[in-house]
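The values are calculated or read from the model by the stated rules, or taken from the named source; none is laboratory data. Remember, predicted model here, so these are calculated numbers, not experimental data. Positions of Cβ are backbone-derived with ideal geometry, glycine not excepted, and every protein chain shown enters the neighbour counts.
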Amino acid sequence: MIILIAIACLFLIPLGGIFRTAGMPGFSINLLTGVFELLPVTPCDGKDVFFWNKYVRAVVFVPLLLVYFLVNI
């Protein structure tokens, strides 16, 4: 769900004005939240996904982490 909100914020950026002002930090914050939630530690959902299927977690987590680092350089 958080990834979908990040994508929605990404689509706000080209509209300019206040939409760009809201979209840029919204995309970055939701992307960071998505990366944090997929960490395999107890309070996060990543632990459940990790024990359910390690490959699904890797397919979602690695690209999400790469996009986060590329956006925030």
- [ ] Output the residues belonging to region 46-56 that are surrounded by 14 or more Cβ atoms within 10 Å (Cβ to Cβ) and touching a helix residue (DSSP H, G or I) at 6+ places or on another chain (Cβ under 9 Å).
- [x] Gly46, Val49, Phe50
TODO: Could you list all residues from region 39-67 that are within 9 Å of the chain's Cα centre (by Cα) and either assigned to a loop (DSSP other than H, G, I, E, B) or not aromatic (Phe, Trp, Tyr) (or both)?
DONE: Leu64, Leu65, Val67
Open item on the list: For the structure I just gave you, tell me whether Pro14 is part of a helix (DSSP H, G or I) and more than 16 Å from the chain's Cα centre (by Cα).
Closed with: yes
Task: Filtered residues of region 1-40 (kept if hydroxyl-bearing (Ser, Thr, Tyr) and under 18 Å from Val62 (Cβ atoms)) - done: Thr33
- [ ] Just need a number here: residues in region 45-73 that are among the hydrophobic types (A, V, I, L, M, F, W, C), in contact with a Lys or Arg (Cβ under 8 Å, 6 or more places away or on another chain) and within 23 Å of Ser28 (Cβ to Cβ).
- [x] 1
Task: Residue list for region 17-35, restricted to those being hydrophobic (A, V, I, L, M, F, W, C) and either surrounded by 14 or more Cβ atoms within 10 Å (Cβ to Cβ) or not in a helix (DSSP H, G or I) (or both) - done: Phe19, Ala22, Met24, Phe27, Ile29, Leu31, Leu32, Val35
Task: Among (1) surrounded by 15 or more Cβ atoms within 10 Å (Cβ to Cβ); (2) free of Cβ contacts under 8 Å to residues at least 12 places away in the same chain - the single one Val59 does not satisfy - done: (1)
TODO: Find all pairs meeting these conditions: Cβ atoms under 7 angstrom apart; at least six residues apart or on different chains; first residue within region 11-40 and modelled with pLDDT of 90 or more; second residue surrounded by fewer than 18 Cβ atoms within 10 Å (Cβ to Cβ) and of a type in the set (Gly, Ala, Ser).
DONE: Leu12/Ala22
